[in-house]
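For reference, the structure discussed in these notes is given below.
What follows draws every value from the coordinates through simple rules; no lab data is involved. The structure presented is a predicted model; accordingly, all values stated were derived computationally and were not measured. So basically every Cβ, Gly included, is an ideal-geometry build from the backbone, and we count neighbours across all protein chains shown.
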């Protein structure tokens, strides 16, 4: 798969621009602050329905404008594919996928698979559980429409259940039971699918860390905060049901659902110790990079084609040896976009160089 072009209107510092790409390695060059990272963000948003830099979509609109529009065209296998999104400052969204219109941003997901790398990837290690859950959810959604649908149903049930817990005086047993059933069914499946994905992602990340760190400590991944350790979905449902029953009083007082996949956390461990608490900056960076490379390999195996890679000034922070190793992992693996001030510290030549200045390709 590859993206042939993107059209940006009132997105960040891009007023109106259309840019074509190579199916191989694309270098986005130019001074800092002129649009390299913004262009990667546009591709990420149009493929995955969210920015990797902010949770506030309003921040993506060009200053003094009321909306932005992004459109990409490309190929998936031997088929042409196009998708677009229009977002207004009121929160209204208009999505099109191959001409089919929708108001759900999530309908953009599952077509062009994407993995991004940036210096901010350290947040995957050092930030809160929400960042790690989101990483895992986006990864699974890119190769499993079943997971995307289940996650959508779970989030809807969670929102409704929380609303009920906040507003009612005496519990309406029948209404709460209906929300419980929806939450338990979708939540148990989500936990089970996350675990199965980690069973595949973990060994890939461990092998990648071994290569990047010259055979350092063993890297392992784990999922904590689960309502059940059962390996079967039916047993997990029963555990989930009992957990909710035991928390009924606490949930009523808090006005929140206190158990479920929305409370889980993805953990990274070196020699059994949590990287977040005990890892050095270098170890955290190598773990984050290893996990992202592993997710690209997993997507390639699941979708039978390599994902598109978005690399934001990654090589500048690595020594020469690690640059060569990572270059060997990504070169020839499909379409790659690299945002870098220049080509001096790149360990390979680009197939196309796109020079950017003040939100324009020159």
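Assorted remarks:
- Legend: calculated FRET efficiency, residue 166 to residue 329, from the Cβ-Cβ distance at R0 = 45 Å, rounded to 0.05, equals 0.40.
- Angle of helix 281-303 to the longest C-alpha principal axis of the chain, folded into 0 to 90 degrees and rounded to 10: 90°.
- For the chain, the Cα gyration tensor yields ellipsoid semi-axes of 36, 26, 18 Å (square root of five times each eigenvalue, largest first, whole Å).
- Taking 7 Å steps out from each Cα toward its Cβ at residue 73 and residue 123 produces label points 3.3 nm apart.
- To the nearest ten degrees, helix 320-330 and the longest principal axis of the Cα atoms of the chain are 70 degrees apart.
- Extension gain for residue 195 to residue 63 (0.36 nm times residue separation, less C-alpha to C-alpha distance): 43.3 nm.
- Helix-only CD estimate at 222 nm, as mean residue ellipticity for the chain, using -39500 (n - 2.57) per DSSP H run (n ≥ 4): -14000 deg cm²/dmol
- Efficiency of FRET between residue 238 and residue 360 - r from beta-carbon atoms, R0 45 angstrom, step 0.05: 0.15
- Beta bridges per DSSP with both ends in the chain, % antiparallel, nearest 5: 70
- Projecting label points 7 angstrom from Cα along Cα→Cβ for residue 104 and residue 134 puts them 2.0 nm apart.
- On Cα atoms only, tilt of 145-167 relative to the major axis of the chain in degrees: 50
- For 233, 251, order by how many other beta-carbon atoms lie within 10 Å, fewest first: 233, 251
- Each of 199, 277 has some number of other Cβ atoms within 10 Å of its Cβ, and from fewest to most they run 277, 199.
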